[in-house]
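> Pasting a structure below so you can have a look.
The values are calculated or read from the model by the stated rules, or taken from the named source; none is laboratory data. Computed from a predicted model, the values in this text were never measured in an experiment. In this analysis, Cβ positions are derived from the backbone assuming ideal geometry, glycine residues included, and neighbour counts consider all displayed protein chains.
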Amino acid sequence: MRTVARVQDVRQGRAWLACESATSACEACSGGRGCALRWLSGSARPTLEVPEQWADGTRLVPGAAVDLEVDDGELLRAALLAYLPPLVGLLGGPALATYLAAAGEAAAVAAAAAGLAAGWAASKAWLRRAPPRYGIRLAELQ
């Protein structure tokens, strides 16, 4: 996946990038529909924090356009990390409740909700610790 981002702010050696163009790889973000990766980022318009200076000495300045590129394998890994733990929690909670001999539908629903919440928290923590790797380079002038 490749998209163009603009440098929003630069301070204390860090730069914040915000995507400005819709990507062809995922229509959910540009269409305003639900996306687990956006939910997990914790903001309506997520920004990406990167170092202000790159290894070659190039510095980012506010307003500069950069190309962000994420490998397809990294997108798949991030999607699995976002969706799989909540699904496992949703299905595993009632199975665990049945195994522990909690009777009734209410116990199964409560266990499913608890498993979903635990899976969501695990996804969020996992993606914060190991976010998708990406490549950045200055966008060419057009």
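> Condition first: acidic (Asp, Glu), surrounded by 15 or more Cβ atoms within 10 Å (Cβ to Cβ) and under 25 Å from Gln8 (Cα atoms). Can you find one or more residues in the stretch 71-79 that meet it? Please lay out each step first, then the result.
The first filter runs over the stretch 71-79 and keeps only residues acidic (Asp, Glu), leaving 71-72, 74.
Among the residues that remain, those that are also surrounded by 15 or more Cβ atoms within 10 Å (Cβ to Cβ) are: 74.
Remaining after also requiring under 25 Å from Gln8 (Cα atoms): 74.
Checked the stretch 71-79: at least one residue is acidic (Asp, Glu), surrounded by 15 or more Cβ atoms within 10 Å (Cβ to Cβ) and under 25 Å from Gln8 (Cα atoms).
> Follow-up question, since we're still on this one. For the stretch 55-113, name all the residues that are assigned to a loop (DSSP other than H, G, I, E, B), of a type in the set (D, E, K, R) and more than 29 Å from Trp126 (Cα to Cα). Working first, answer last.
First, the residues of the stretch 55-113 that are assigned to a loop (DSSP other than H, G, I, E, B): 55-58, 60-64, 70-71, 100-104.
Subset that is of a type in the set (D, E, K, R): 56, 71.
The answer is Asp56, and nothing else.
> Still on this model: Answer yes or no as to whether Leu127 is in contact (Cβ under 8 Å) with a residue 12 or more places away in the chain, assigned to a helix (DSSP H, G or I) and within 30 Å of Leu60 (Cα to Cα). Explain how you work it out, then say what you get.
Numbers: in contact (Cβ under 8 Å) with a residue 12 or more places away in the chain: yes; assigned to a helix (DSSP H, G or I): yes; within 30 Å of Leu60 (Cα to Cα): yes.
Considered against the rule, which asks whether it is in contact (Cβ under 8 Å) with a residue 12 or more places away in the chain, assigned to a helix (DSSP H, G or I) and within 30 Å of Leu60 (Cα to Cα), Leu127 comes out as yes.
> Would you point out which residue out of Ala139, Ala44 is loosely packed, with under 11 Cβ neighbours inside 10 Å, aliphatic (A, V, I, L, M) and at pLDDT below 85? Working first, answer last.
Working: Ala139 fails: loosely packed, with under 11 Cβ neighbours inside 10 Å.
From the options Ala139, Ala44, the qualifying one is Ala44.
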